[in-house]
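Report on one structure; see the data block that follows.
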Amino acid sequence: MKNVLFQVILGRIRRAELVVRLQRVQYSAAAALLVFALLSVFQPATASAYGALSSRQVLMSSTANAATNVSYQVGFNTVTNGQTIGSVVVEFCGNSPIIGDSCSIASGFNTNYASISLSSTGNITGLTVDTVNSTTNRLVLKRTAAAVTNGPISLTLGNGTTNGLTNPANDNTTFYVRILTYVVTDGDPLGSETADSTDAGGVALSTANQLNVTAKVQETLTFCVYTGVDCATGGTGVTLGDSNGVLFNTATTYTGNAYYDLASNAFGGVSVKMQGDTLKSGTFTITPDGNACTPDVTTSSVEQFGIRISAPGAGMTATAPYDCAAGNHGFDAANISTLYGQEIGKTTGATDVASTTIELAAKSAGTTEAGVYTSTLTLVATATY
């Protein structure tokens, strides 16, 4: 009986020890897991193999969608001191600037690598476009031999006029540029971006809607004929003669002035024509000077009536026979009296407001019939746009 009791007690002791051992194992496993978790938190992640290019930027000569012959100026600073650069890759992606991510081509984009020009400034020289390893969205810029380079670099892709890149087809579309430097001269086209590049970085770009600005400029012509101080003052009368308006002295040519102001944006210029006739009193006339510049005479047997452009306005030139020097006048009655008159002056293009002086002159002869002589002269400005 005692032996049986002893065996029961011994079994219970052993089971207790087993429970204690199992608990210790569980505590040890939990502690191990806790340590592993803490190590996972504090253990630093593996660093990328490349240095991040600084001061990255890309200038575009046009952000219009589908624009062609666009020049892209790629600027950056290398950060790995004393690195050897054999090639630079400029990769255009429609989905991500992250080095190592998959790169899809933005719709319509093309590097035009077979014809694009390249120039560089800064701390790198000797780059040319590698047309073998370049693609429609990846430009490999190679050197014949690698060289140590460090600092700011600027690459101009395309000249913006006769060659360049083709922008993505869609308006207001974000796309990306990845810039990578390599020791090898072929841009490591089959390698890993993150593992093989020395320095790298991304830039975000975007196409943008162009502003279509419209402004209307209408055809203009300002023409004012007057005899007073200015156009606002007006006036239509020109009196030729002495203080009483009489052609009193048959040896004297009497003069008076009329004016016109002209302004027009007519590209083809403006023609000023005169329509009318010589001085008349009923059936009597004063003989016009004719179709050539005629000197004023003092002979009492000669009567005269004529005009000249004595002071052409800015942009205005006198037309023969009205381009006479002082003391000379012309009046081509045969042409001035036609339906549309005769040109006396013109501009060769658009002109701002300018004033022109017309000098009118008359002289009587000893045989000129008495009477009140008048003439109505009409001036017409015709613009050619």
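See the values below:
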item: The chain: relative contact order in percent, alpha carbon pairs under 8 Å with at least 6 residues between; result: 15 percent
item: Simple Cβ-charge dipole of region 201-354, Lys/Arg +1 and Asp/Glu -1, about Cα centre, in debye nearest 20; result: 360 debye
item: Percent of alpha-carbon pairs separated by more than 15 Å within region 61-115; result: 64 percent
item: Rounded to whole Hz, the Karplus (6.51, -1.76, 1.60) HN-Hα couplings of region 375-385, x for glycine and proline; result: 8, 9, 10, 10, 9, 10, 9, 10, 9, 10, 9
item: Cβ-placed point charges (K, R +1; D, E -1), dipole of region 51-206 about Cα centre in debye, nearest 20; result: 260 debye
item: Proximal aspartates and glutamates to Lys363, defined as alpha-carbon separation beneath 19 angstrom and excluding residues fewer than eight positions away on the same chain; result: Asp242, Asp277, Asp289, Asp296, Glu303, Asp332
item: Mean separation of Cα contacts under 8 Å (6+ apart) over length of region 221-383, as relative contact order %; result: 35 percent
item: Relative contact order %, region 254-326, counting alpha carbon pairs below 8 Å whose residues are six or more apart; result: 23 percent
item: Within straight-line cross-link reach of Lys346, aspartates and glutamates at Cα separation under 12 Å, skipping those fewer than 8 residues along the same chain; result: Asp323
item: Base-10 log of normalised Debye intensity for the chain (one unit scatterer per alpha-carbon) at q = 0.06, 0.11, 0.12 Å⁻¹; result: -0.60, -0.82, -0.90
item: Residue (of Phe109, Asn265, Tyr385) at the positive-pole extreme of the chain, dipole from beta-carbon charges; result: Phe109
item: Options Ser120, Leu53, Ala334, ranked by Cα towards positive dipole end of the chain, top entry (Cβ charges); result: Leu53
item: Per residue, the convex hull volume that the Cα atoms of region 57-202 enclose (Å³); result: 93 Å³
item: Shape box of region 221-383 [Cα atoms, principal axes, largest first, Å]; result: 50, 31, 28
item: In degrees, nearest ten, helix 2-42 long axis to first principal axis of the chain (Cα); result: 20 degrees
item: Mean residue ellipticity (222 nm) of the chain, computed from DSSP H runs ≥ 4 via -39,500 (n - 2.57), nearest 500; result: -4000 deg cm²/dmol
item: Charged-residue dipole, Cβ positions (Lys, Arg, Asp, Glu), the chain about Cα centre, Debye nearest 20; result: 3500 debye
item: Cα lying deepest toward the dipole's positive end in the chain, options Ser300, Ser364, Thr317, charges on Cβ; result: Thr317
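Bear in mind that the values in this text are calculations on the coordinates, not laboratory data. The model shown is predicted, which means the values in this text are computed figures rather than measured ones. In this analysis, Cβ positions are derived from the backbone assuming ideal geometry, glycine residues included, and neighbour counts consider all displayed protein chains.
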